Amino acid sequence: MLKLGIIGTNWITGQFIAAAEETQQYTLTAVYSRHEDTARKFAEDNHHPEVALFTDLNKFWASSAFDTVYIASPNSLHGPQAVAAIKAGKNVIVEKPMVASTSQLHQLTDALAAHPDAFLFEAARHLYEPNFAMVRDFARQREISGATLVYMKYSSRYDAYLAGKEPNVFTTRFAGGALMDLGVYVVYAALDWFGVPQHAQYVPSMLASGVDGSGCLHLDYADFGVNLIFGKTTQSYLPSEIYSGKQTLVLDAPESITSIKLRGGADDRELAGPQDDNPMVREASFFAKAIATNDTQARDKQFALAKQVHELMISVRMAAGIHFPADDE
Ligand SMILES: NC(=O)c1ccc[n+]([C@@H]2O[C@H](COP(=O)([O-])OP(=O)(O)OC[C@H]3O[C@@H](n4cnc5c(N)ncnc54)[C@H](OP(=O)(O)O)[C@@H]3O)[C@@H](O)[C@H]2O)c1
């Protein structure tokens, strides 16, 4: 049984704890928050009033109350907190995006190299969905002619941004913006399904705060192109499509996929299976199994993909002129 400590007390952490405990491989044992009242209320709300509470990160890392940490803090803190966790001998599950800059990626890679027993996974939950795997099989077995993947959701924090507030996810300080928040899902999908492109170019629509509100990322492969469209300032109802000659695989979304249809042939039946109630159970189960069986091959395969994703995201972001304070660390 993994003893789980958490950083970040918003709803996503509650959802991860519920998923982790549903697998029966984890139990919540430690909560870190900047505020003791928040930590206590979070522990109580998540049915674990008995857990160890921390407001000091150094004491949290030094504690033996937990062996595995789930990190769901603002984006720019993920990399440094993951490095601290590795150095403290913890297993790490870090929310997307795992890092916010080249130096954070290097520091994380170096920490992992110095601690070869450490387990780190980026919580790219869609990679573990059966429907995502079905699309992967299609993309890897067919000759691909191109794709358009769309993920645009009106952010629950955008009204606050428009009202003059500074929600973390719309700031450069916390490495926010469309590419970092939602683009990461489609970049993962593209690299998992089609591999690393030869060339990539990002055209963002910028907000006054210095982050991208939305954007189009074009990926060039040897024989085809892939267009990724994502954003946080409007809502899109477009499907995503993967083209293979005269046939098109039509998905209702590039993550949390609930519909997959192959159009352009005689049979356009629904291919998708049902979605899990909690979309984080599969990843939690995968991470626990890899840790329990010391499956370093699975760990390294997932990290290699994560590294490709972040190298691409960092390079297209910087080429598009989007600068984060984390770039200067
Ligand atoms: N996988 C998914 O489906 C999914 C969904 C949503 C979000 N996420 C990821 O989860 C992470 C957290 O997202 P969120 O929307 O919950 O972020 P958030 O509300 O900005 O912050 C998350 C937590 O970090 C702490 N925090 C807030 N501001 C901080 C600051 N200025 N300095 C240090 N800590 C601060 C807070 O915990 P305390 O007050 O207790 O310290 C807060 O609960 C993001 O990286 C996001 O990408 C993933």
Looking at the range 52-76 only, could you name the residues that are within 12 Å of the ligand (Cβ to nearest atom), among the polar types (S, T, N, Q) and more than 15 Å from PHE42 (Cβ to Cβ)? ASN75, SER76
Test result for GLU44, closer than 24 Å to PRO279 by Cα, assigned to a helix (DSSP H, G or I) and more than 14 Å from the ligand (Cβ to nearest atom): no
Which pairs do you get when a residue that is on the phi > 0 side of the Ramachandran plot, found in the range 96-117, comes within reach of a residue that is in a loop (DSSP other than H, G, I, E, B), reach meaning Cβ atoms under 8 angstrom, with the pair 6+ apart or on two chains? none
Does PHE194 satisfy the criteria of being assigned by TED's automatic domain parsing to the domain that holds TYR243, over 25 Å from SER244 (Cβ atoms) and aromatic (Phe, Trp, Tyr)? no
Please identify the pairs in which a residue from the range 1-24 that is under 24 Å from GLY89 (Cβ atoms) and free of Cβ contacts under 8 Å to residues at least 60 places away in the same chain has its Cβ atom under 6 Å from the Cβ atom of a residue that is away from the ligand (no atom under 16 Å from the Cβ) and open to solvent by 40 Å² or more (accessible area, probe 1.4 Å), counting only partners at least 6 apart or on another chain. MET1/THR27
Quick one: is GLN107 open to solvent by 30 Å² or more (accessible area, probe 1.4 Å) and either part of a helix (DSSP H, G or I) or outside the structural domain of ILE12 (by TED's automatic domain parsing) (or both)? yes
Residues to consider are THR234, THR296; find the one that is over 30 Å from LYS3 (Cα atoms), polar (S, T, N, Q) and outside the structural domain of LEU77 (by TED's automatic domain parsing). THR234
Being in contact with a strand residue (DSSP E or B) (Cβ under 6 Å, 6 or more places away or on another chain), among the small types (Gly, Ala, Ser), in contact (Cβ under 8 Å) with a residue 40 or more places away in the chain and surrounded by 21 or more Cβ atoms within 10 Å (Cβ to Cβ) narrows it down to one residue among ALA72, ALA85; which is it? ALA72
What number of residues within the range 111-130 are in a helix (DSSP H, G or I), within 16 Å of the ligand (Cβ to nearest atom) and either small (Gly, Ala, Ser) or in contact with a strand residue (DSSP E or B) (Cβ under 6 Å, 6 or more places away or on another chain) (or both)? 0
Inspect the range 312-329 for any residue being under 15 Å from the mean Cα position of the chain (by Cα), on the phi < 0 side of the Ramachandran plot and of a type in the set (Phe, Trp, Tyr) and give the result as yes or no. no
Restricting to the range 19-41, count the residues that are away from the ligand (no atom under 13 Å from the Cβ) and open to solvent by 50 Å² or more (accessible area, probe 1.4 Å). 4
Strands (runs of 3 or more DSSP E) wholly inside the range 142-223 containing at least 3 residues that are open to solvent by 40 Å² or more (accessible area, probe 1.4 Å) and modelled with pLDDT of 95 or more: 199-206, 212-220
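Only one residue in SER244, SER240 is of a type in the set (S, T, N, Q), in contact (Cβ under 8 Å) with a residue 24 or more places away in the chain and touching a Leu at 6+ places or on another chain (Cβ under 7 Å), so which one is that?
Selected residue: SER240, the only one of SER244, SER240 that is of a type in the set (S, T, N, Q), in contact (Cβ under 8 Å) with a residue 24 or more places away in the chain and touching a Leu at 6+ places or on another chain (Cβ under 7 Å).
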ALA65 fails exactly one of (1) open to solvent by 10 Å² or more (accessible area, probe 1.4 Å); (2) within 24 Å of PRO254 (Cβ to Cβ), namely (2)
Which members of the range 224-255 meet the condition of being open to solvent by less than 40 Å² (accessible area, probe 1.4 Å) and in a loop (DSSP other than H, G, I, E, B)? PHE224, LYS232, THR233, SER236, ALA253, PRO254, GLU255
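The values are calculated or read from the model by the stated rules, or taken from the named source; none is laboratory data. Predicted model only: the values in this text are computed from it and were never measured. Reconstructed Cβ throughout: ideal geometry from the backbone, glycine too, with neighbour counts over all protein chains shown. When the accessible area is computed, the model is the full protein with side chains, heavy atoms only, and any ligands, DNA or RNA have been set aside. Shrake-Rupley method; radii C 1.70, N 1.55, O 1.52, S 1.80 Å.
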